Amino acid sequence: MKIYANGMHYAALNAAVRQSKEDTEIFGCVGQRYLGAGLEDRKIVIHGTPGNALGAYLNGAELTVDGNVQEATGDTMNGGVIEVHGSAGDATGYAMRGGKIFIEGDVGYRCGIHMKAYLSHRPAIVIGGRAGSFLGEYQAGGTLIVLGGHTEHKPIVGNFCGTGMHGGEILLRCDALDAALPAQVKAERIQGPGSEEAVSLVKEWCARFGKDETPYLTATYYRLTPNAENPYRQMYTPN
Amino acid sequence: MMQLYIRPDYEVIRNEARCIACRICERQCANEVHSFDPETGLMRSDESKCVNCHRCVSLCPTHALKIVKTDDTYRENANWEAQTIHEVYRQANTGGVLLSSMGNPKPYPVFWDKLLINASQVTNPPIDPLREPMETQLYLGKRTVKAEREENGLLKDTLPPQLKLSVPILFSAMSYGSISYNAHESLARAAEALGTYYNTGEGGLHKDFYKYGKNTIVQVASGRFGVHKEYLETAAAIEIKMGQGAKPGIGGHLPGGKISEDVSKTRMIPQGVDAISPAPHHDIYSIEDLKQLVDSLKEATEYKKPIIVKIAAVHNAAAIASGIARSGADIIAIDGFRGGTGAAPTRIRDNVGIPIEMALAQIDTRLREEGIRDNVSILVGGSVRSSADVVKAIALGADACYIGTAALLALGCHLCRSCHTGKCNWGIATQRPDLVKRLNPDLGYERLVNLVSAWKHEIEEMMGGMGINSLEALRGNRLMLRGIGLTDTELRLLGVRYAGDSL
């Protein structure tokens with residue numbers, strides 16, 4: 001089904017998407033929020049620029065955007081895929097528990113904050129360019145990969161990467177780690193993305209955006225993991 | 001390092017003439033206070049471990065036990081009381097942040113106790129609730145909608161979703177993790193039987209309790225534990241937790257040790273790993289951002305569920321509530337600074353926030369002044385201790401009350417304020433299977449139903465006395481209240497006259 005979204009209120013657009021019950025293509029999207037919220041089992045292709053909270057609580061659907069997305073993409077996402085042929089704003093994948101987000105370009109601040117994994121739910125975000133500050137803050141599980149494919153001479157991540165991290169992993173494709181890491185995080189230098197899961201995520205990102213895998217699979221990565229599962233255990237005194 | 005001895009606050013007094021050394025106290029105490037001395041055949045106690053939860057006292061078959069406040073004393077000092085001294089010792093011993101549970105125990109004024117309820121005499125006579133109908137049913141939700149008509153003139157149903165309650169009392173948010181499975185089951189079943197709601201807190205909803213969905217409010221907090229489509233859809237309403245009265249401005253932290261297999265399934269996080277709820281929602285920095293979360297939840301649930309926004313009662317609560325009332329939320333929940341908690345830093349619990357009575361009165365006034373009171377319903381909690389508190393809260397402007405501590409007391413809690421240790425002898429604030437099974441949900445739910453039914457009768461009596469036969473007519477009716485022992489400022493903030501000040 002095709003929907004022409006020009007001038008539509010988000011509630012009307014979302015209602016039309018929900019009612020269609022089939023794969024949907026949206027044209028002329030201009031900032032409508034909450035597209036695909038909670039959707040399962042369907043493909044939605046979006047032309048234009050969706051608004052905040054694209055795919056919030058997404059539960060299995062696959063969303064493709066042929067441009068940039070705004071803030072809070074994939075908020076509390078539980079399953080499915082969001083593929084963005086552009087860059088994403090702040091708080092991408094907030095508290096995400098499952099599914100995958102692939103971003104061709106950069107992400108803003110607070111990407112993957114409080115991402116968590118649970119049994120078969122293994123959330124992942126793969127970012128082609130750079131990430132802003134607070135990447136993976138409070139991360140409790142899942143995988144964040146930043147591929148650093150950009151030509152600006154800026155660090156691959158901003159400040160406070162992984163602050164409060166107590167699970168999961170962050171992979172940064174770079175030769176030298178120029179960001180200062182907080183005490184809760186340890187970094188190891190590895191060749192290639194490391195685990196099978198990480199390799200397959202990088203391959204999937206390359207396939208989705210038509211990139212040659214080789215430079216991504218053979219490069220140097222920094223793998224960040226938490227120092228402890230219970231970082232605050234010693235903090236309290238029963239009173 | 002030097003560990004300074006901290007003398008116990010309580011002494012376990014055992015009447016040797018009554019004690020039959022049956023060792024029940026020993027088996028009942030998860031803190032391991034009691035032990036049997038085979039050489040003398042007598043019971044011993046180590047009071048340094050006692051939290052004064054009264055489990056042993058309650059279960060001793062010969063009533064041989066009592067717990068008394070120790071009369072051991074430091075040199076008396078009105079400024080440096082024993083508790084204050086002990087806290088310094090504890091921190092010097094460990095370097096840790098002091099951790100406490102349940103509500104603020106400090107002697108701050110309780111304004112409920114300084115408000116008196118009116119009754120009718122002669123004119124507008126009292127109503128006998130045993131003889132005449134009293135309306136205690138109410139709806140929570142947004143009331144301000146434009147009336148729209150179909151082409152044929154019939155009214156369109158544009159009323160946003162409402163929560164129907166048969167009594168103005170709900171059970172407040174307590175997560176599975178902070179309290180036990182059996183405690184949750186008791187609350188869920190009682191809510192169903194009473195025609196009201198219980199609240200999952202931020203710990204997710206156990207699969208076994210999905211069947212109580214019609215009476216369940218689910219919470220969405222900063223950690224988003226257990227939040228997914230089915231969870232949202234199962235609930236009657238969704239509560240966004242911005243703050244909690246016991247610990248305004250800080251997040252939650254469930255230690256990995258309390259994350260059992262079952263709790264892990266419910267929260268959808270790995271076993272044994274700390275569950276950290278950050279202090280802020282990292283996507284909410286303004287009322288506009290809050291509106292976005294409200295709207296995204298509405299979209300995800302197709303506008304079928306009322307959205308509650310819960311905040312702690314803090315200094316600018318009225319201004320914050322004004323923002324929330326414009327955020328698209330249907331209900332505002334306000335939690336006062338005496339509200340309970342499974343664990344909070346002592347300093348926060350005891351020093352941050354304001355009394356619920358003041359926050360409520362100010363919020364209701366502010367929303368009325370701005371003409372947006374009917375945009376939202378107001379729920380208050382922390383702490384509502386009796387039916388009289390409920391009546392006073394409604395007269396100050398609340399639609400209904402959340403009760404947490406009172407509900408736990410009904411389940412057997414003795415307010416020892418040691419929930420953070422996870423060794424609750426009453427089977428409430430623990431995940432230890434041997435302790436959890438001490439709380440029988442068949443009996444627990446009955447006790448909750450008893451409590452709320454009794455309060456309902458009392459509310460009807462008080463309403464009848466005032467000549468009021470529906471909650472609607474009591475809500476915000478501050479002329480039904482008079483203050484006693486209050487300053488002019490307190491009277492002004494509460495919006496009530498002094499006792500004896502006749503119209």
task: Using the heavy atoms of the protein chains and a 1.4 angstrom probe, tell me the accessible area per residue for the protein assembly as shown in square angstrom.
output: 41
field: Calculated on alpha-carbon atoms, Rg and Dmax of segment B:187-284 in Å
entry: 13.5, 38
task: Summarise the partner chain shielding of A:13-23 as one whole number: the mean count of Cβ atoms from other chains within 10 Å of each residue's Cβ.
output: 1
- request: For helix B:387-396, report the angle its Cα long axis makes with the longest principal axis of the Cα atoms of chain B; keep it between 0 and 90° and round to the nearest 10°.
  value: 40
5 angstrom amide H check on residue A:64, placed H, neighbours 5+ away: A:44, A:45, A:46, A:83
task: Provide the buried accessible surface between chains A and B in square angstrom, both chains summed, 1.4 Å probe, rounded to the nearest 100.
output: 3800
query: Can you give the percent of C-alpha pairs in segment A:38-176 whose distance is more than 23 Å?
result: 23
task: Normalising by the residue count of segment B:107-206, find the relative contact order in percent from Cα pairs under 8 Å and 6+ residues apart.
output: 22
Radius 14 Å from Cβ of residue B:69, net charge of other residues (Lys, Arg +1; Asp, Glu -1): -4
- prompt: Å³ per residue of the Cα convex hull, for chain A?
  reply: 131
message: What is the angle, in °, between the Cα long axis of helix A:196-209 and the longest principal axis of the Cα atoms in chain A? Nearest 10 is fine, range 0 to 90.
response: 40
task: Please sort B:410-422, B:101-113, B:239-251 by packing, taking for each peptide the average over its residues of neighbouring beta carbons within 10 angstrom, highest first.
output: B:239-251, B:410-422, B:101-113
message: Show me the three semi-axes of the equivalent ellipsoid for the protein assembly as shown, from the C-alpha gyration tensor (sqrt of 5 times each eigenvalue), largest first, rounded to whole Å.
response: 46, 36, 22
message: List the lysines whose Cα sits under 22 Å from the Cα of residue B:49, skipping any in the same chain fewer than 8 residues away.
response: B:66, B:69, B:258, B:423
- prompt: Ranked highest first by average number of other Cβ atoms within 10 Å, how do B:76-86, B:174-184, B:275-285, A:206-216 line up?
  reply: B:174-184, B:275-285, A:206-216, B:76-86
field: Evaluated at q = 0.14, 0.18, 0.22 Å⁻¹: base-10 log I(q)/I(0), Debye formula over Cα of segment A:104-174
entry: -0.36, -0.59, -0.84
query: Where Lys and Arg each count +1 and Asp and Glu each count -1, what net charge lies around residue A:91 among other residues with Cβ under 9 Å from its Cβ?
result: -3
- prompt: Can you pull the mean other chain C-beta count within 10 Å for peptide B:288-300?
  reply: 6
5 angstrom amide H check on residue B:104, placed H, neighbours 5+ away: B:339
message: Using each residue's phi in segment A:133-138, evaluate 6.51 cos²θ - 1.76 cosθ + 1.60 at θ = phi - 60° and report the 3J(HN,Hα) Karplus result to the nearest Hz, with x for Gly and Pro.
response: 5, 6, 4, x, 5, 6
query: Can you list the aspartates and glutamates whose alpha carbon is less than 13 Å from that of residue B:310, not counting same-chain residues fewer than 8 positions off?
result: B:202, B:239, B:330, B:335
task: Sticking to Cα atoms, compute the Rg of chain B to one decimal and its Dmax as the biggest Cα-Cα distance, whole number, in Å.
output: 24.1, 92
query: About its Cα centre, what dipole magnitude does segment B:103-187 give when the only charges are +1 on Lys and Arg Cβ and -1 on Asp and Glu Cβ, stated in debye to the nearest 20?
result: 320
task: Give the cysteines in chain B for which no other Cys Cβ lies under 4.7 Å away, or write none if there are none.
output: B:19, B:22, B:29, B:50, B:60, B:401, B:413, B:419, B:424
- line: If each K or R counts +1 and each D or E counts -1, the residues other than residue B:470 whose Cβ falls under 14 Å of its Cβ total -3
field: With Cα atoms, 0 to 90° folded angle of helix A:10-20 axis to chain A main axis
entry: 80
message: Taking beta carbons within 10 Å but only from partner chains, what does the mean come to for residues A:66-74?
response: 1
query: If contacts are Cα pairs under 8 angstrom and at least 6 residues apart, what is the relative contact order of segment A:93-231 in percent?
result: 20
- request: Show which aspartates and glutamates lie in cross-link reach of residue A:154 when reach means a straight Cα distance below 13 angstrom and same-chain residues fewer than eight apart are skipped.
  value: A:106, A:178
query: Taking the highest mean first, how do the peptides B:89-96, B:345-352, A:217-224 order by number of other beta carbon atoms within 10 angstrom per residue?
result: B:345-352, A:217-224, B:89-96
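The values are calculated or read from the model by the stated rules, or taken from the named source; none is laboratory data. Because the structure is a prediction, the values reported are computed rather than measured. Cβ atoms come from the backbone with ideal geometry, glycine included; neighbour counts cover every protein chain shown. These area figures cover heavy atoms from the full protein model, side chains too; ligands, DNA and RNA do not enter into them. Shrake-Rupley method; radii C 1.70, N 1.55, O 1.52, S 1.80 Å.
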